[in-house]
Amino acid sequence: MSTATTETIVKQMSLNSSDNFEPEFKLETFDRATVILDDALNALKYNGGIKIKGFLNPDEVQKFEAIATEVLKTTELQNPSDTTKRLTRLAISIPDLMTKILTDELYLGINDALLTTKHSAWFDGEKLDFENKPVVSTTTAFDVAPGTGVQTLHRDDILWFNKFDKIKPEEYQVGRDVCISFFIAGRDTTAANGATRWIPGSHLGNYLDEADPSKAIPAELNAGDAFFMLSSCYHGAGWNQTKDQHRLVYALFMMQSHLRQEENIYLSLPLDVVKALPVPVQERLGYSWTSNLGWVDYKSPMEAILGHEAQPHSFNVSYNTPADA
């Protein structure tokens, strides 16, 4: 059974001024060991975000924190005034963590359900149906130092110029979002040390609606807990008001596969690193072509670059001779 609990309830203005009903948006919590996929999906579509307790077990939390802490010692800040270290290329720095996430049934179930793209077309007298599963957009670990200020509230999907109209919760349809943001707390994440400020229900507004900071709530997580958030939600890191707490967060976002990835994975990861990863992880990084997109020498990168068996074309282009025209 699902163990959903209500942590915070935020009353929003009606999505339509003529309606009497005011939706109540909340951060629902599910336990990783007992969560039912459909329950998680329904809550995510309605509220825009959900919390998963125990996504990492205590041993994994300790293992990945030790690895991240060691690597972060030699990670440089992006500029002298910055107070957040960003550890990119998780396939190199913490490969077991990336593999854990990209092979997790709940993680894949949520992303596949909301980000898989489908299309149909007629080609050479045959109706073709296409279905492309999502791929990784970016992988990063954040080490947020004490004193780090508030991040501007924003929507992650502005990268892809995503446009959408204001709707009611029950009108949400798959395809509205192009990306899902996903965070795991490497250490306890609290309002005091800058937990992500998130506006529940903001994914239902118009893409040009401004954020209302008064409606933002902190997505507080214990170490090992995870936070799924639709990329159309307004959010931003909070102020780390502590004197000695470095907030450690792992992030691995997924996106629709026909859009350009935020992180240039193909240039940032050496081939020997990619070849050492499990095949399902290679595919989710984008090395498996989608509807013939991403080919190398007219072959899937899985075959042409990584040496796997040939993957069939989604469709083969044929040319009519003058006699056939």
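Among the trypsin sites (Lys or Arg not before Pro) within segment 77-186, which fall in a DSSP loop and have no more than 15 other Cβ atoms within 10 Å of their own Cβ?
Listed in order of number, the matching sites are 163, 166.
If each residue of separation counts as 0.36 nm, what is the full-extension length gain between residue 126 and residue 71 once their alpha-carbon separation is subtracted?
So the chain would gain 14.5 nm between residue 126 and residue 71.
Run through the DSSP bridge list for the chain and note the antiparallel percent, rounded to the nearest 5. Could the numbers behind the result be given before it?
Values: 49 of 53 bridges.
Antiparallel: roughly 90 percent of the beta bridges in the chain.
For every helix of n ≥ 4 consecutive DSSP H residues, a contribution of -39,500 (n - 2.57) applies; sum these over the chain, divide by its total residues, and give [θ] at 222 nm rounded to the nearest 500 deg cm²/dmol.
Result for the chain, helices only: -5000 deg cm²/dmol.
Rounded to whole Hz and in sequence order, give me ³J(HN,Hα) for segment 238-253 from the Karplus expression 6.51 cos²θ - 1.76 cosθ + 1.60, θ = phi - 60°, writing x for Gly and Pro.
Values, residue by residue: x, 7, 7, 8, 7, 9, 9, 9, 8, 7, 10, 9, 9, 10, 9, 9 Hz.
For residue 300, enumerate residues with amide H under 5 Å from its amide H, sequence gap 5+ or separate chain, H modeled in the peptide plane.
311
Would you mind counting up the charge near residue 193? Only other residues with Cβ under 13 Å from its Cβ, with Lys and Arg at +1 and Asp and Glu at -1.
0
Take 93, 231 and order them by how many other Cβ atoms sit within 10 Å, fewest up front. List each step's numbers first, then the result.
Working: 93 19, 231 24.
Sorted ascending by nearby Cβ count, the order is 93, 231.
Starting from 0.36 nm per residue, how many nanometres of slack lie between residue 295 and residue 191 once their C-alpha separation is accounted for?
Residue separation times 0.36 nm, minus the Cα-Cα distance, leaves 32.9 nm.
Given the options 200, 23, 218, state which has the largest fluctuation in a GNM of the chain using a 10 Å cut-off (strictly under) for Cα springs.
23
Can you tell me, using C-alpha contacts under 8 Å and at least 6 residues apart, the relative contact order of the chain as a whole percent? Present the calculation step by step, with values, prior to reporting the outcome.
Working: 657 pairs, mean separation 66.4, N = 325.
That works out to 20 percent.
Within 15 Å, Cβ to Cβ, of residue 311, how many net charges do the neighbouring residues add up to if Lys/Arg are +1 and Asp/Glu are -1?
Computed value for this residue: -2.
Non-local amide H neighbours of residue 31 (under 5 Å, H modeled in plane, Pro and chain starts lacking H): which ones?
3, 53
Once both axes come from the Cα atoms, what is the angle between helix 37-47 and the longest principal axis of the chain, in degrees from 0 to 90, rounded to 10?
70
With axes computed from alpha carbons, what is the tilt in degrees of helix 58-72 against the longest principal axis of the chain, rounded to the nearest 10 within 0 to 90?
Roughly 80 degrees, rounded to the nearest 10.
Determine the relative contact order of segment 133-283: mean sequence separation of Cα pairs under 8 Å and six or more apart, normalised by residue count, in whole percent.
Computed over segment 133-283, the figure is 41 percent.
Report the local net charge at residue 231: Lys and Arg +1, Asp and Glu -1, summed over other residues whose C-beta lies under 9 Å from its C-beta.
Charge balance in the 9 Å sphere: -2.
Values in this text are rule-based calculations from the coordinates and carry no lab data. In this text the structure is predicted, and so the values were computed from the model without any measurement. In this analysis, Cβ positions are derived from the backbone assuming ideal geometry, glycine residues included, and neighbour counts consider all displayed protein chains.
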